[in-house]
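Structure first, commentary second.
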Amino acid sequence: MKRLVSLLLILAIMLSFLCVHASASFNSLLETEADIVLLVSLDNGAVIFDKNADKKNAPASLTKIVTCLLVLENCDDLSIELTCEQDDLTGLYAMNASTAGILVGETMTINELLYCLMLPSAADSANILARYVGGTVDHFVEMMNEYVANLGCKNTHFTNPHGLDEDGGAYTTANDLCILVKHGLKNETFKEITGTLKYQIEPTNKYKYTRYLNNTNKMMNSAYRDYYHPAISGVKTGTTELAGHCVISTASQDGYNYLLIVLNAPQYDIDGDNVEENCAFTESKKIYEWAFDNIELTKVTSTTDIVTVVDVNYSWKTDHLRLVPAKEISALVPTGTQSGSLEIKSIPDESPKVVDAPIKKGDVLGKAQVLYGEDVVATVDLVAAESVSGSIILRILGWFKTLFKSTPVKIVFILIALIILAYIALIIRKNLIKAKRRKPKLVK
C-alpha cells in the first residue's frame, strides 16, 4: 500500500509538469533593432533580455568606464592638479575625437578631469589621466587589460584609454561590460559622476571662462523628448564607426532597478521629421518602458511545492521521500504570470535519485530550477519534506550487499569457494581410500 501511494505521488508530479503552459522565453517578448542588448536586474541579478550578449563589439567611449575606475581606485586624493602636455592632445582632433577643449599647459584637478572624461566623453582628459596613473599611456592600457581580466572579463581588450578606433584591435561584449559596470556601481564616486547631468568647471590658468559640461546621455535630459525618461541615469555613451551607437544606462522605478547595455544600434529618421534619431537611446527607452510595464516580482516557489520524490535506503518505514524548495522565492517574470506558467525542475547533476536514511526534515539534498518557458528565473535548494529514521541492521545488510557486488570481492569469494570445494573433495577422497583399505579381503 505504501509503495502504491508513493507511485501515485510521483505520477501526480509528472502530470503537473505536463500541464505547464507552453511559454516563450523573455527574449521572444521583445524586439530590438540594436545588434547587441543585455537587460539585467540590479535587484537580483536576473537576466531579463539578452541579444548577442557574448558577441564582440568595438567598445568606443565605453572604454572610459575602465579608465575612470582605474583612476578612482589608484588615486586617493582627487584634488591633485594635473597639467596637460602636448602629447595628450596629439592626433585627437585629426580623429574628430570628443574633447573638453583642454589646452597645453592647462591645469585641472583629477576630479574635474573625471567629469570631463565621463560627461562630454573627453579623450584629452582620458590621456592626461592615463599618463598620470600609468606613467605612460601604453602602461596604463596594460593596466586596463589586467584590471578587466582580474574582474572576470574574458572577451575584452583595450588598445587606448579613450576608445577611438585607432587600429581596430579593441573589443568587448555586453556580458563583460555588465561585470565592469556592476563593479563600478559599488563605487559611490563613480555613481555620482556618471549620474550627473551637468557639471561646472571654474576658470583655469589657461581658460578664463567657466566650462559647462553636459552628459552625452540624452535620455537624462528632458530637453530631448524623443529620448528622455525620468527613471534613467548614467552610465556612459559611445559612438564610433566600428562600434555603432552604444549606451550603458541604469533605470529605477517603483522599486525596480535595471542595468541596460545597448551596442551597435543604428541611426536613422524614425518618425519622418527629417532628423535622424540615435537608436541606442530610442531602443533603451523602449526596453525600459517594456520592462516597467511587463515585468513584476512574483512568488515562484513555496516550501510546500513537491518538486520530486526520491528513493530511500536503510529505512523500515519509508521507501520514498518528497523533496521541496528550501524557501519561498520571488523572481521577475512577465506581469500576470500564473503558477501554471512556471515549472520547477530538479537539476539532475545536483539532485540524487536515492538517499540514505537517517534523514532530518530540512536537510539539503539537491537543487532545482524555476523555469518560465526556457528561461531559468530562479534556483533553489531542495530539502527533505520530512524526517526519516534509519535502521542499523538494514545499513549493515546494505553494506554486505554492496560489498558482494564488488568484482574483487566476488573473485575472492569464488576462490574461497573453490578452495573449500577442493578441500571437501580431498577429504572425501581420503575417506574413500581409508574405507577401501579397511574393507576385509575375501579368503578363497
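How about the range 219-239: which of its residues are modelled with pLDDT of 95 or more and either part of a loop (DSSP other than H, G, I, E, B) or surrounded by fewer than 19 Cβ atoms within 10 Å (Cβ to Cβ) (or both)?
Let us first name the residues in the range 219-239 that are modelled with pLDDT of 95 or more, namely 219-224, 227-233, 235-239.
Of everything in the range 219-239, those that are modelled with pLDDT of 95 or more and either part of a loop (DSSP other than H, G, I, E, B) or surrounded by fewer than 19 Cβ atoms within 10 Å (Cβ to Cβ) (or both) turn out to be Asn221, Ser222, Ala223, Tyr224, Tyr227, Tyr228, His229, Pro230, Ala231.
Considering only residues that are in a helix (DSSP H, G or I), of a type in the set (Val, Ile, Thr) and touching a strand residue (DSSP E or B) at 6+ places or on another chain (Cβ under 8 Å), which ones fall in the range 169-194? Don't jump to the end; show me each part of the working.
Looking only at the range 169-194, we keep the residues that are in a helix (DSSP H, G or I), and these are 174-184, 188-194.
Keeping just the survivors that are of a type in the set (Val, Ile, Thr) gives 179, 181, 189, 193-194.
Matches in the range 169-194: Val181, Thr194.
Across the range 241-274, what is the total count of residues that are open to solvent by 50 Å² or more (accessible area, probe 1.4 Å), touching a residue at least 12 places away in the same chain (Cβ under 8 Å) and within 24 Å of Ala58 (Cα to Cα)?
Count: 4.
Of all residues being over 23 Å from Thr216 (Cα atoms) and of a type in the set (Gly, Ala, Ser) in the range 40-79, which is most open to solvent (accessible area, probe 1.4 Å)? Just the residue, please.
Result: Ser79.
Using the structure shown, decide if Glu328 is more than 21 Å from the chain's Cα centre (by Cα), modelled with pLDDT under 95 and under 28 Å from His162 (Cβ atoms).
Values: more than 21 Å from the chain's Cα centre (by Cα): yes; modelled with pLDDT under 95: yes; under 28 Å from His162 (Cβ atoms): no.
Answer is no for this residue.
Looking for whichever is within 30 Å of Arg225 (Cα to Cα) and basic (Lys, Arg) here; the options are Lys286, Lys299, Lys317, Lys327. Which one fits?
Working: Lys299 fails: within 30 Å of Arg225 (Cα to Cα); Lys317 fails: within 30 Å of Arg225 (Cα to Cα); Lys327 fails: within 30 Å of Arg225 (Cα to Cα).
Only one candidate qualifies: Lys286.
Tell me, which residue of the range 97-145 that is among the charged types (D, E, K, R) and open to solvent by 30 Å² or more (accessible area, probe 1.4 Å) is nearest to the chain's Cα centre (by Cα)?
Step one: list which residues in the range 97-145 are among the charged types (D, E, K, R), which gives 106, 112, 124, 131, 138, 142.
Now restrict to residues that are open to solvent by 30 Å² or more (accessible area, probe 1.4 Å): 112, 131, 138, 142.
Details: Glu112: 34, Arg131: 34, Asp138: 31, Glu142: 26 Å.
Per the stated criteria, the residue is Glu142.
Residue by residue, here is whether (1) at pLDDT 95 or above; (2) of a type in the set (S, T, N, Q) holds:
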{"position": "Ala122", "(1), (2)": "yes, no"}
{"position": "Tyr132", "(1), (2)": "yes, no"}
{"position": "Asp138", "(1), (2)": "yes, no"}
{"position": "Met143", "(1), (2)": "yes, no"}
{"position": "Val148", "(1), (2)": "yes, no"}
{"position": "Lys154", "(1), (2)": "yes, no"}
{"position": "Thr159", "(1), (2)": "yes, yes"}
{"position": "Gly169", "(1), (2)": "no, no"}
{"position": "Ile201", "(1), (2)": "yes, no"}
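How about the range 33-90: which strands (runs of 3 or more DSSP E) wholly inside it have at least 3 residues that are out of contact with any strand residue (DSSP E or B) (no Cβ under 9 Å at 6 or more places or on another chain), closer than 24 Å to Glu192 by Cβ and not basic (Lys, Arg)?
Working: elements: 36-41, 47-51, 81-83.
In the range 33-90, no matching strands (runs of 3 or more DSSP E) lie anywhere.
Can you tell me which residue in the range 346-372 is nearest to Asn44 (Cα to Cα), limited to those that are basic (Lys, Arg) and open to solvent by 90 Å² or more (accessible area, probe 1.4 Å)?
Filtering the range 346-372 down to residues basic (Lys, Arg) leaves 353, 360-361, 367.
If we keep only those that are open to solvent by 90 Å² or more (accessible area, probe 1.4 Å) as well, we get 353, 360-361.
Working: Lys353: 30, Lys360: 30, Lys361: 28 Å.
Within the range 346-372, the match that is nearest to Asn44 (Cα to Cα) is Lys361.
For Ile287, all conditions in the list (1) over 30 Å from Asn264 (Cα atoms); (2) open to solvent by less than 40 Å² (accessible area, probe 1.4 Å); (3) in contact (Cβ under 8 Å) with a residue 60 or more places away in the chain; (4) of a type in the set (Val, Ile, Thr) hold save one; what is the number of the exception?
Among (1) over 30 Å from Asn264 (Cα atoms); (2) open to solvent by less than 40 Å² (accessible area, probe 1.4 Å); (3) in contact (Cβ under 8 Å) with a residue 60 or more places away in the chain; (4) of a type in the set (Val, Ile, Thr), Ile287 violates only (1).
On the basis of being open to solvent by 60 Å² or more (accessible area, probe 1.4 Å), on the phi < 0 side of the Ramachandran plot and either outside any loop (DSSP other than H, G, I, E, B) or among the β-branched types (Val, Ile, Thr) (or both), does Glu166 make the cut? Before you say what the answer is, go through the steps one by one.
Working: open to solvent by 60 Å² or more (accessible area, probe 1.4 Å): yes; on the phi < 0 side of the Ramachandran plot: yes; either outside any loop (DSSP other than H, G, I, E, B) or among the β-branched types (Val, Ile, Thr) (or both): no.
Taking the combined requirement at face value, the residue does not satisfy it.
Can you find a residue that is within 21 Å of Thr216 (Cα to Cα) and not aromatic (Phe, Trp, Tyr) anywhere in the range 133-141?
Looking through the range 133-141, none of the residues is within 21 Å of Thr216 (Cα to Cα) and not aromatic (Phe, Trp, Tyr).
If the requirement is being in contact with a Ser or Thr (Cβ under 6 Å, 6 or more places away or on another chain) and hydroxyl-bearing (Ser, Thr, Tyr), which of these qualifies: Thr237, Thr282, Thr210? Give the steps one after another, and end with the answer.
Numbers: Thr282 fails: in contact with a Ser or Thr (Cβ under 6 Å, 6 or more places away or on another chain); Thr210 fails: in contact with a Ser or Thr (Cβ under 6 Å, 6 or more places away or on another chain).
The unique qualifying residue is Thr237.
The values are calculated or read from the model by the stated rules, or taken from the named source; none is laboratory data. Note that the structure is predicted; figures quoted are calculated from it, not measured. No Cβ is skipped: glycine too gets one built from the backbone with ideal geometry, and neighbour counts run over all protein chains shown. Heavy atoms of the whole protein, side chains included, go into the accessibility calculation; ligands, DNA and RNA do not. Shrake-Rupley method; radii C 1.70, N 1.55, O 1.52, S 1.80 Å.
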